[in-house]
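The values are calculated or read from the model by the stated rules, or taken from the named source; none is laboratory data. Computed from a predicted model, the values in this text were never measured in an experiment. Cβ placement follows ideal geometry from the backbone for every residue including glycine, while neighbour counts extend to all protein chains displayed.
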Amino acid sequence: MESDRIKSWPVKERPREKLLAEGPEKQTAAELLAIILRVGRGTFKKGVPGQNAQTLARTILNQFGDLRGLDRATIAALLKVPGLSKAKVAQIKAAFELGKRAEPFGLSANLLGGREGLDVLDETIPCFAIDWNFLFQHSDLRVGIRVTRTLKG
């Protein structure tokens with residue numbers, strides 16, 4: 001059996017490298033989940049079947065229907081999925097929780113991705129100063145975002 005390890009893919013097709021080059025909003029749900037999972041399942045030893053992280057991500061999304069289904073899945077249900085260890089389940093649940101915690105502060109894709117989110121804030125909260133800090137750090141990847149808006153005159 002030939003390995004389908006992501007490391008053997010062209011650099012431009014690898015989920016992490018694509019995200020860094022194109023931005024997270026251009027990645028599929030499977031690519032984003034593959035980044036969170038970090039590794040697939042199996043050993044990729046000769047004769048031993050395995051799945052890379054992206055194939056495992058697609059399998060998981062298909063099993064739960066979509067991201068909403070995956071978010072709603074219980075820890076017990078996720079642990080029954082072949083290839084999902086306690087560590088991977090914790091990573092998935094932590095990623096969803098970070099998204100939920102960031103949303104009340106307006107750290108949505110629109111706000112982070114462009115001017116549209118700030119225009120909405122100008123319309124809905126014109127008399128407040130807004131100062132948010134968001135930091136996510138994982139091994140060698142560190143992302144920091146700071147959004148600041150001041151009172152209108």
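Filtering the stretch 76-86 to residues that are over 18 Å from Ala30 (Cα atoms) and in a helix (DSSP H, G or I) leaves Ala76, Ala77, Leu79, Lys86.
Taking the criterion of being outside any helix (DSSP H, G or I) and either in contact (Cβ under 8 Å) with a residue 12 or more places away in the chain or crowded, with 16+ Cβ neighbours inside 10 Å (or both), the residues of the stretch 20-32 that qualify are Gly23, Gln27.
Considering the stretch 4-19, and only residues there that are farther than 18 Å from Pro49 by Cβ and not in a helix (DSSP H, G or I), the residue that is nearest to the chain's Cα centre (by Cα) turns out to be Arg14. For the stretch 51-75, taking the residues that are part of a loop (DSSP other than H, G, I, E, B) and touching a residue at least 12 places away in the same chain (Cβ under 8 Å), the one that is nearest to the chain's Cα centre (by Cα) is identified as Asp66.
Regarding Thr28, is this residue in the same structural domain as Ile6 (by TED's automatic domain parsing), touching a Gly at 6+ places or on another chain (Cβ under 8 Å) and modelled with pLDDT of 90 or more? So Thr28 fails the test.
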